[in-house]
Amino acid sequence: MRILRILCALSAVLIINMGGNAATITNNSQWDENDRKSGYYVIESKLAMQRGDAGTHYEMLKRAVELNPANSVAQYYLGICKLVLAQTDTAQTEALMMMKSHIKQHPEDVLESRRYAMYNIKLNRFDEAAETYKRIISQKPNSNEDKYSLAQALSMGKHYSEAIAVYDSLEVTEGIEPQISVQKISIYISLNDTANVLREAHRLYDTAPKSVTNNEILGNVYQHLGMPDSAIVYYDRMDEIDPTNANGALAKVSYYYQRGDSVQMDKEMYRALSNENMPIEQKVQELTRYIRTMYQDGDSSERVINLFNVILEQNPHEAAVRRLYAMYLSTRGDYSGASEQLSYALDIEPTNIEDWLNMIVLQMQDKNYEKALSMSEKALEYHPDNEDVVVNMPVIYSQMKQYDKQFEACERAMAIVDSTDYVRCVSIYNMMGDALYFLGKKDEAYKSYEKGLKLDPENGMIMNNYAYFLACDGRDLEKAEEMSRKTVLKKPEEPTYLDTYAWVLFKKHNLEQAKIYIELAIKNEPEPTSDLLEHYGDILFFMGEPEKALEQWEEALKLSPDNEILKTKVSKKTYVYE
């Protein structure tokens, strides 16, 4: 019995003394379980990202961090997600700190450190990026790639002397190279150190005087320093060294542009584009740059068209050239010519959806809606149910005033659009409401607008259309005024919104205010529409200015000669109730 009592007593003591330890064991087990689950969620987040499911990726990482805040991998990748979503400096800082906690614990994770440094550079946090690259180099002392990145971060952070020192160290292992020399020259230019700019350029040149690249760099330096006579010497040498290299001609294009010599500039551009050794991609790039310059300078299109003829003579079956030509003609308002060039591009690459979409837009700009519709149908043969094409079709039917087909096109679009894509869904509800209204199904139209506003309560286009049609019907004018006022407050210079607000006020017999807003609408609209002028006339008539009202109705009728209501207003010189 005594032995039994002793054993019982010992058990009690053991239980009492193990109380804390038992709890610890339980907590550790729980902690291990959470750690395991946290790791599982990180794996699931990676799988979600591979599937392109960014939402699940984010939620999995959040759960991983909640389960185990010490999981630095989860913290790191959640930090990236939060950085992408960050709208404030504080949010960006917090996200970067989440990333930093991992790379401080795991400096051996060089790839993660590089990504962290890259994000800091994007956010102009150059000092932090530089410190990160220094830590990377301590792990990988022979990584010249990271030394280049360090030097660039230092330079962007205006630590010029440190950056130069890093570039000098790179020259010890790599020699004097254009990549390094150009960076050093750039720093000395920032410091207005002309002597060292020239010294660096000549150091590079002396390593290989017959290098086309070295001659181009030295020529560019002299050009930048305002020494054109010296610059052209090295540009000429580029041609002497390698007449088949187009870079000499391209360098001279810039040279003659700065000198204002358009004849020589065009001559060198022709020479460059005629060079068969220049890749077509580079030709398109250089021609694009040239066109942009000509367009900004307000130059005539003849010079550009001549250049297109040069490049198309050599490359008639290059879709990229045809595409660029179409874009240029479109900017000049030549929609027919642009369509022709784009049709050639589509003959070459018939599955290019961007070309189909641009072709549809061109037809609409040219008010050729039937062709825009046929182009849409052809595009769908190659890309069935393409959202961009399908969502645009109700717009085309709207311009054609085929409201029954517009409504059907809206239903088709709604069936294929992602229900979480609120922007597109709202747009479709808006177009559906317009179609239903013109089909005489007004109550259904208003329901469609309400559906759109449920998704986006502040959508200006829906509120505008909804308010306008309510005013036309004389229904719920208080609601119409409230919605229309919101649109004007958001965009006080938008003519369409101002016109609607004026029309609502007119319907509420607030003529003085209506006149103010309709005149603002006309002032802000370079080409007032028939509706806008008619509304102005209506407001003026009821303000006791029938002669001025008639002038506006007459102008409106010129824009819409088939409008029977306007014809009656003009002929009878009075307002007509519809």
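Measure off 7 Å from each Cα along the Cα-to-Cβ vector at Met543 and Lys267, then give the distance between these two points in nanometres to one decimal.
6.4
Leu559 to Ile176: extension gain in nm, 0.36 nm per residue of separation minus the Cα-Cα distance?
In short, 130.9 nm is gained.
Quick check for you: with a 1.4 Å probe and neighbouring chains kept, what is the accessible area per residue of segment 238-378, in Å²?
Accessible area per residue, segment 238-378: 51 Å².
Cut-off 16 Å, label point 7 angstrom out along Cα-to-Cβ of Met327: give me the residues of segment 384-422 whose amide nitrogen falls inside.
No residues fall inside that zone.
Classify segment 143-286: rounded, prolate or oblate, from the alpha-carbon gyration tensor (a ≥ b ≥ c, eigenvalue square roots; a/c under 1.5 rounded; otherwise prolate if a/b is larger than b/c)?
prolate
Kindly count the pairs of lysines across segment 254-404 whose alpha carbons are less than 30 Å apart, treating pairs on different chains or eight or more residues apart as eligible.
Number of lysine pairs found: 5.
Can you give the accessible area per residue of segment 56-99, in Å², using a 1.4 Å probe?
It amounts to 48 Å² per residue over segment 56-99.
Pull up the cross-link candidates among the lysines for Lys62, meaning alpha carbon to alpha carbon under 20 Å and not fewer than 8 places away within one chain.
Hits, sequence-local ones excluded: Lys37, Lys46, Lys82, Lys100.
Alpha carbons only, please: Rg and Dmax for segment 36-76, in angstrom.
Answer for segment 36-76, Rg first and Dmax second: 9.1, 27 Å.
Can you tell me how much longer the chain between Val233 and Glu340 gets when fully stretched, taken as 0.36 nm per residue apart minus their C-alpha distance, in nm with one decimal?
Fully extending the segment from Val233 to Glu340 adds 34.2 nm.
Could you tell me the calculated FRET efficiency between Leu85 and Lys158, based on Cβ-Cβ distance and R0 = 22 angstrom, to the nearest 0.05?
Result of the calculation: an efficiency of 0.15.
With contacts defined as alpha carbon pairs under 8 Å and 6 or more residues apart, what's the relative contact order of segment 348-473 in percent?
Relative contact order comes out at 16 percent.
Using r as the Cβ-Cβ distance of Lys572 and Gln399, and R0 as 30 Å, what FRET efficiency do you calculate, to the nearest 0.05?
The calculated FRET efficiency here is 0.45.
For segment 137-232, run through the trypsin sites (Lys or Arg not before Pro) and keep only the ones in DSSP coil with at most 15 other Cβ atoms within 10 Å of their Cβ.
When the trypsin sites (Lys or Arg not before Pro) of segment 137-232 are filtered for loop state and at most 15 Cβ neighbours within 10 Å, Lys158, Lys210 remain.
Can you compute the modelled spin-label distance between Ser169 and Glu131, with each label point 7 Å from Cα toward Cβ, in nm?
It is 1.8 nm.
Would you mind telling me the share, in percent, of accessible area of the chain contributed by carbon and sulfur at probe 1.4 angstrom?
For the chain, the apolar C and S fraction of the accessible surface comes to 51 percent.
Using Cα pairs under 8 angstrom and six or more residues apart, how large is the relative contact order of the chain, in percent?
Relative contact order comes out at 3 percent.
If I model a spin label at Ala415 and Glu66 as a point 7 Å from the Cα along the Cα→Cβ vector, what separation in nanometres do I get?
3.9
Put one equal scatterer on each alpha carbon of segment 164-205, apply the Debye formula with no solvent term, and list log10 I(q)/I(0) at q = 0.15, 0.25 1/Å to two decimals.
Relative scattering, expressed as log10 I(q)/I(0), comes to -0.30, -0.81.
Please work out which option in (1) -0.59, -1.09, -1.24; (2) -0.47, -0.94, -1.18; (3) -0.36, -0.74, -1.00 gives log10 I(q)/I(0) by the Debye sum over Cα atoms at q = 0.06, 0.09, 0.11 Å⁻¹ calculated from these coordinates, and answer with its label.
Of the listed options (1) -0.59, -1.09, -1.24; (2) -0.47, -0.94, -1.18; (3) -0.36, -0.74, -1.00, (1) comes from this structure.
Can you pull the Rg over Rh of segment 539-578, Cα-only, Kirkwood?
0.94
How far, in nm, would the chain grow between Lys479 and Tyr295 when pulled straight, counting 0.36 nm per residue and subtracting the alpha carbon separation?
61.5 nm
Per residue of segment 35-48, what does 6.51 cos²θ - 1.76 cosθ + 1.60 with θ = phi - 60° give for ³J(HN,Hα)? Whole Hz please, x for Gly and Pro, Karplus curve as stated.
4, 5, 5, 4, x, 4, 5, 5, 4, 5, 5, 5, 5, 4
The values are calculated or read from the model by the stated rules, or taken from the named source; none is laboratory data. This structure is a prediction, so every number in the text was calculated from the model and none was measured. Every residue, glycine among them, receives a Cβ derived from its backbone with ideal geometry; neighbour counts consider all protein chains shown. Just the protein is used for accessible areas: all its heavy atoms, side chains included, with ligands, DNA and RNA removed. Shrake-Rupley method; radii C 1.70, N 1.55, O 1.52, S 1.80 Å.
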